[in-house]
Structures are given as structure tokens and as C-alpha cells.
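Down below is the structure, laid out as C-alpha cells.
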Amino acid sequence: MEKKEIRNSETENKIFEPLFNIKGIENMEVYEKHGGYLALKKAFKEKKSELLSEVKNANLRGRGGAGFPAGIKWGFMPEDPNIEKYLIVNADEGEPGTFKDKYIMSKIPHLLIEGMIITSYIVGIKTGYIYIRGEYENYARILEKAIEEAKKKRYLGKNILGKKHVFNIIVHRGAGAYICGEETALIESLEGKRAHPRLKPPFPANSGLYGKPTLINNVETIASIPSIINKGGFWFASLGTQKNGGTRLFGISGKVKNPGIYELPMGTNLKDIIYKYAGGIKDDKELKAVIPGGISSPVLTPEEIDISMDFDSLMKAGSMLGSGAIMVFDEDDSMVEVLRIMIDFYAHESCGQCAPCRYGTDVLKKMIYSVYNKEVNEEILDMIEETASGIIGKTICPFGDAVGMAVGTIIRKFKKEFFDYLRDKND
């Protein structure tokens with residue numbers, strides 16, 4: 001994407017946007033010129049406990065989708081410096097509609113690397129991995145180049161900045177499986193095994209990669225750390241809502257006039273994002289539906305978009321903030337077609353470990369295709385809802401929940417459209 005796609009021109013109290021707009025910022029020399037690695041130097045002068053407190057004060061919640069508080073998650077890691085520990089940055093970004101992480105990796109890779117080094121210092125980790133989708137080859141190469149630059153400047157390796165701290169980063173290319181967005185499936189893949197999610201407990205903080213304590217965070221989460229160290233946790237927290245600190249990179253796509261990435265405060269109203277920042281619906285048509293956080297987050301109707309874009313508000317509304325990927329549909333879009341495309345994706349990406357998901361997605365696909373091909377009557381819609389509901393809570397990982405909630409919500413909220421579609425079999 002080009003620079004112009006970062007649409008919002010207001011850069012005060014922003015973390016990523018000012019850096020996105022600097023030419024050559026992906027290079028070490030330019031990054032340092034604009035304050036790069038100052039947070040790392042500051043962090044190395046502070047006590048680790050005080051730095052962890054800053055992260056907790058920031059109310060930084062995981063930007064990968066689950067929204068778990070980063071500071072609390074870090075606190076689960078053992079403090080014993082003699083215990084081998086790992087840091088993994090989840091750069092899989094497989095959620096359809098999501099494109100923020102690759103923008104960070106391509107434009108400001110050193111921000112991510114600096115965040116990883118600070119994190120490793122606070123938690124006491126010597127080895128870090130960036131698990132990136134195999135399709136993101138160009139971004140992997142950008143990261144590897146930035147890592148080499150950091151090594152030459154002695155920000156990575158042994159005795160970083162004269163401290164007795166060792167940290168190295170390895171870029172690991174995955175095979176493009178959606179399930180690897182789930183942290184334990186990612187670990188299995190990183191170990192060279194089939195990406196099947198693990199039962200919890202134990203959690204990765206106790207037994208993760210190679211059975212060692214492992215900290216896993218999203219790209220945007222770790223890239224937020226330097227600003228927290230530079231300006232303080234309470235400053236970061238003040239940018240968002242009471243329980244959702246900081247800004248968020250919202251990627252908006254679909255039927256809007258100005259699609260792209262917007263860095264906005266956590267809690268920004270969804271209606272404002274669509275109509276104020278993204279310019280409203282393309283060709284001034286009527287809004288039909290919005291998926292607020294990637295396809296695993298249940299759809300919202302036009303009557304439901306006057307809502308704060310934060311983890312708690314969307315959960316209360318029966319949806320999820322997820323990856324912050326907003327997908328907009330207008331009056332001409334067929335929700336029958338949307339559901340068909342969605343179930344194609346889910347049926348293909350199920351890892352197959354859990355029977356309710358393995359069989360459920362296949363059964364749903366057959367039923368939804370029978371609707372799409374107008375081979376059945378409207379009674380099947382209740383069966384689809386019942387089948388989707390039957391997957392929820394029956395699987396090891398949240399994949400099954402995502403399928404059940406997303407499919408069931410579309411049928412329930414747009415049932416009249418499905419009724420009309422099936423009744424008009426001569427169309």
C-alpha cells in the first residue's frame with residue numbers, strides 16, 4: 001500500500017502514523033534519526049519491575065484478537081533468569097480483511113524489533129521468533145534485513161548496549177494455515193509438527209515452545225511497546241478508554257469511499273470510522289452490514305454500528321473487535337454470497353483435529369451450498385443455525401466458536417433476505 005492510504009492526517013498522540021509517513025523509515029539510519037532505539041536505551045536504565053509496571057499501566061490489550069492484557073500476560077512468565085524462555089511474535093495475519101501487521105513490518109520493521117528487544121529484556125528472554133505467513137515473503141526479507149542492521153549496531157546479539165543481556169531474533173516462515181493464528185497451533189508448527197491447537201492448561205507461559213515458558217504477542221502489540229517506554233504507561237492508557245488503552249490500527253475495506261488503514265483511539269465509534277474517516281458508503285448507497293473485526297467476528301446491522309470499537313463494547317453487543325479489520329457491505333451485496341464465501345474459507349481452514357469442527361464445517365458447507373443453489377426451502381435455515389450453534393464450545397480452540405457465531409449470526413440477522421432468495425427460485 002502507498003503512503004496515501006494512511007488516511008487520517010491528525011498525527012498528535014499517534015504511535016504508528018507519524019512513522020508510516022517518513023520516507024526510508026524501514027532503514028536503520030532513518031529510523032534512528034527519528035528517535036529509533038531511544039526507548040531501548042531508556043529501558044536498559046530502568047528496573048525490569050518498573051518497566052513491567054509501565055506495560056500494565058498502559059492497559060495494552062493484545063492486538064491479535066483475544067484482547068488479553070499484555071502486562072498481565074507477561075507477568076505469568078517465570079522470573080528465574082536461569083530458565084530458558086522464548087518470545088514469539090505472531091505475524092501470521094491470516095484473518096480475512098486484515099492487513100495492518102504487514103504494513104508495520106514493511107514500513108517500520110525496526111519498531112517491531114525494538115519492541116521485541118525491550119520485551120525480551122523485561123521478561124528475561126534470549127531467543128525470539130517472528131512467525132510470519134509463507135505468502136509474506138517480501139515482508140520476511142524486509143524483517144531479515146532490519147535484523148541484520150540491528151546486529152551490526154549491536155542492538156541484537158551478546159552484551160546489548162553494554163548490558164549482560166543476550167537476545168537474537170529468527171524469522172520463521174509458516175505454511176499459510178489460518179489455524180496458526182491460534183498460539184498453540186503456531187507453537188506446534190514452529191516445532192515442525194502439524195498445526196493442531198493444544199489443550200490448555202498448561203498455557204504457553206508455563207509450557208510453550210519445546211516445553212519451555214513462552215510469551216506470544218501480535219505484531220501490533222509488540223510494536224506498541226517503545227512508545228509506552230518513551231512516554232509512559234499512563235500516557236498510552238489515556239489515548240483509549242478506561243480498560244482499552246492506546247490507539248488501534250483499523251483496516252477498513254469493502255464498500256467505503258476511502259478504504260485503508262486508520263490509526264484511531266481505542267473506543268472510536270464504528271459509525272464515525274465508516275462515515276467520517278472512511279468517507280461513507282461508496283456511491284452513496286445504503287449500508288447493509290458490517291463485520292467489525294475480521295470474518296470471525298459476528299456481523300452487525302446498520303442499526304448496531306453506533307458502538308465503541310473496543311473489546312468490551314463489542315463483546316457486549318455479541319460480536320468481537322478481533323483484528324480490527326472492518327469489512328463493509330452495501331445494499332447491493334448478497335449476504336447469501338457472503339455466507340457462501342465464508343463457509344468455503346472455514347471448511348478449508350479447519351485443522352480437522354476436533355470432530356464437531358471437522359464434520360460441522362463440512363455439513364454447514366453442504367447446507368449453505370444447497371441454499372445458494374436454491375435446492376431447498378426455507379426450513380433449512382433453522383437447521384443451519386442449529387448446526388452452527390452445536391459447534392460452539394465443543395472444540396479445543398476458538399475456531400469452532402468463530403464458525404458457529406459468524407454463520408449463525410448472518411442467518412439470524414438476515415433471515416428475510418435468505419427467505420426471499422429461496423422463495424424466488426426462478427431468479
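Every number here is computed from the coordinates shown, using simple stated rules; none is lab data. If you're wondering where the values come from, they're calculated on a predicted model, not measured in any experiment. Cβ placement follows ideal geometry from the backbone for every residue including glycine, while neighbour counts extend to all protein chains displayed.
Full extension of the chain segment joining M315 with A175 gains 47.3 nm, where the gain is 0.36 nm per residue of separation less the Cα-Cα distance. Note on the chain: with a GNM built from Cα contacts shorter than 10 Å, the maximum mean-square fluctuation among P265, P226, P398 falls on P398.
Remark on the range 3-238: hydrodynamic radius 17.8 angstrom, per the Kirkwood mean of 1/r across alpha carbon pairs.
Rg and Dmax of the range 247-330, both derived from C-alpha coordinates alone, stand at 11.1, 33 Å. Within the shell defined by Cβ-Cβ distances under 11 Å, the residues around P302 carry a net charge of -3, with Lys and Arg each +1 and Asp and Glu each -1.
Under a Cβ-only charge scheme (Lys and Arg +1, Asp and Glu -1), can you give me the dipole magnitude of the range 247-330 about the Cα centre, in debye to the nearest 20?
Using only the charged Cβ atoms, the result is roughly 180 debye.
Here the label points at E191 and K366, each 7 Å from Cα along the C-beta direction, are separated by 3.5 nm in the simple model. Comparing G115, I343, A66 along the charge dipole axis of the chain, the residue lying farthest to the positive side is G115, per the Cβ-charge model. In the chain, helical runs assigned H by DSSP with n ≥ 4 each contribute -39500 (n - 2.57); averaged across all residues and rounded to the nearest 500, the mean residue ellipticity at 222 nm is -11500 deg cm²/dmol.
Per the Debye calculation on the range 290-403 with a single equal scatterer at every Cα and no solvent contribution, log₁₀ I(q)/I(0) for q = 0.14, 0.17 Å⁻¹ amounts to -0.62, -0.91. Projected onto its three principal axes, the C-alpha set of the range 156-209 covers 41, 26, 15 Å, listed from the longest axis down. Over the C-alpha trace of the range 171-249, radius of gyration and Dmax come out as 15.7, 42 angstrom.
Any chance you could tell me what percent of the C-alpha pair distances in the range 132-174 go past 13 Å?
In whole percent, the share of Cα-Cα pairs in the range 132-174 beyond 13 Å is 55.
Looking at the range 40-129, which trypsin sites (Lys or Arg not before Pro) are DSSP coil and have at most 14 other C-beta atoms within 10 Å of their C-beta?
Numbers: sites: K41, K42, K45, K47, K48, K56, R61, R63, K73, K85, K100, K102, K107, K126; in loops: K45, K47, R63, K85, K126.
Answer by residue number: K45, K47.
The trypsin sites (Lys or Arg not before Pro) of the range 166-237 that meet both conditions, a loop assignment by DSSP and at most 14 other Cβ atoms within 10 Å of the site Cβ, are K193, R194. Computed from the Cα positions only, the extents of the chain along the three principal axes stand at 75, 45, 37 Å, in decreasing order.
How charged is the neighbourhood of P398? Take every other residue with its Cβ under 15 Å from the Cβ of P398, and add Lys/Arg as +1 and Asp/Glu as -1.
After counting each charged neighbour, the total is -3.
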